[in-house]
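J.: Okay, handing you the structure first.
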Amino acid sequence: MASTFNQLRLLLIFILPFFYFSSNAQEEQEIIFPDSLKVMTDLYALSADSMQGRQTNTKGSEMARQYILNELQAIGVPAYVPNYTQEFEFSIKGKEEELIKGVNILAYVEGFSNEETIVVSAHYDHVGMKDSTEIFNGADDNASGTATLLALSRYFTLNQPDNSLLFAFFDAEEMGLQGAKYFMQSVVADSSMIKLNINLDMVGRGDKNEIYAVGTYFHPELKPFVEEAAKDKSIKVLFGRDQPKKKPNWVESSDHAPFHKAGIPFIYFGVDDHADYHKPTDTADKINPDFYLETILMIKDVVQNCDANLRDINVAKSVGK
Ligand SMILES: [Zn+2]
């Protein structure tokens, strides 16, 4: 017995450190963020000519969706709805007889305490093609936000947050925020659980090395979470563009608007309009990787700061306009 015990003890002495160090090494590998190669690969793939501008209800949109779904499955992030997809139909004003089909993609990381939910969103659609020859690649608008959302899904699947994170890849933003509007009306959006929306739309163009954080006018208690995340970064985060009667005003400009209307606090991250905005020249080579990767890191830190302090965020609903 004694010798078996000694053998076992020897075995443990030699084997345990191996397991300990190997698991540590694995953890260190997991927290490299963002994975620059992966992020840029996603950005280039989503804004490639083959995606034909990702207009809602087209072949290009379907290809973009398949790319995102493949990535989510590879990441292993749970689906929020069966097969991650939430289908919807809508029509455009003046063309009511024509029904257009859209598909939102919803992934979900359950939080440790699972008390509240933060919806982190980015639209994956863009404006398609003109005369079936000119492709609007939409690299900044909004392959940049979509690839960021994939990077965040990767990170938080491995690093469980305290509150739950719902990653919403919205469709049909370019047709009037249709995907986000549908999501907010749908039964899967439990607005009593959704405490915050962090929306990403055009986060890759560092022409001025600055990005706006919009929405803290309505909830100033969110501002320190952004400032804290920005202070050790090489990019500049500006506030504003959210004050009533002051122009430009971006409160209604993207998918955060339906959340705001429902009284849910939001932070919208986006760069200023640039010369290639909604032009065929919004291509991946114009993205500045240094700016883009630093922005993704800043946004991840904001998500973590908000997650850690969600209880302190004034739950009294803001007045949507
Ligand atoms: Zn956009």
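The values are calculated or read from the model by the stated rules, or taken from the named source; none is laboratory data. Because the structure is predicted, anything quoted here is derived from the model rather than measured. Heads up, the Cβs are rebuilt from the backbone with ideal geometry, glycines too, and the neighbour counts pull from every protein chain shown.
J.: Hey, can you tell me all the residues within the range 172-214 that are away from the ligand (no atom under 16 Å from the Cβ), surrounded by 20 or more Cβ atoms within 10 Å (Cβ to Cβ) and either small (Gly, Ala, Ser) or under 12 Å from residue 270 (Cα atoms) (or both)?
T.: 189, 206, 213
J.: Within the range 274-312, track down each residue that is more than 24 Å from residue 128 (Cβ to Cβ), among the polar types (S, T, N, Q) and either at pLDDT below 95 or assigned to a loop (DSSP other than H, G, I, E, B) (or both). Steps first, answer last, please.
T.: Filtering the range 274-312 down to residues more than 24 Å from residue 128 (Cβ to Cβ) leaves 288-291, 293-312.
From what's left, among the polar types (S, T, N, Q): 288, 295, 304-305, 309.
Of everything in the range 274-312, those that are more than 24 Å from residue 128 (Cβ to Cβ), among the polar types (S, T, N, Q) and either at pLDDT below 95 or assigned to a loop (DSSP other than H, G, I, E, B) (or both) turn out to be 288, 309.
J.: So, residue 221, is that one part of a helix (DSSP H, G or I), of a type in the set (D, E, K, R) and touching a helix residue (DSSP H, G or I) at 6+ places or on another chain (Cβ under 7 Å) or not?
T.: Yes.
J.: Scan the range 182-207 and report the pairs whose first residue is under 22 Å from residue 91 (Cβ atoms) and of a type in the set (Phe, Trp, Tyr) and whose second residue is modelled with pLDDT of 95 or more and surrounded by fewer than 24 Cβ atoms within 10 Å (Cβ to Cβ), with Cβ atoms within less than 6 Å and a gap of 6+ or a chain change.
T.: 182/88
J.: Quick one: residue 114 ticks every box in (1) in a strand (DSSP E or B); (2) at pLDDT below 95; (3) in contact with a strand residue (DSSP E or B) (Cβ under 6 Å, 6 or more places away or on another chain) bar one, so which box is it?
T.: Only one criterion is unmet by residue 114, namely (1).
J.: On to the next question. Looking only at the range 101-117, count how many residues are surrounded by 17 or more Cβ atoms within 10 Å (Cβ to Cβ) and in contact with a helix residue (DSSP H, G or I) (Cβ under 8 Å, 6 or more places away or on another chain).
T.: The number of residues fulfilling the criteria is 9.
J.: All but one of (1) more than 24 Å from residue 66 (Cβ to Cβ); (2) among the hydrophobic types (A, V, I, L, M, F, W, C); (3) at pLDDT below 95; (4) out of contact with any helix residue (DSSP H, G or I) (no Cβ under 6 Å at 6 or more places or on another chain) hold for residue 188, so report the exception by its number.
T.: The failed condition is (1).
J.: Identify the residue in the range 112-137 that is touching a Pro at 6+ places or on another chain (Cβ under 9 Å) and among the β-branched types (Val, Ile, Thr) and, among all such residues, is nearest to residue 282 (Cα to Cα).
T.: Out of the qualifying residues, it is 135.
J.: Given the conditions (1) under 21 Å from residue 257 (Cα atoms); (2) within 15 Å of the ligand (Cβ to nearest atom); (3) assigned to a loop (DSSP other than H, G, I, E, B), and given that residue 137 satisfies all but one, which numbered condition is not satisfied?
T.: Looking at each condition in turn, residue 137 falls short on (1).
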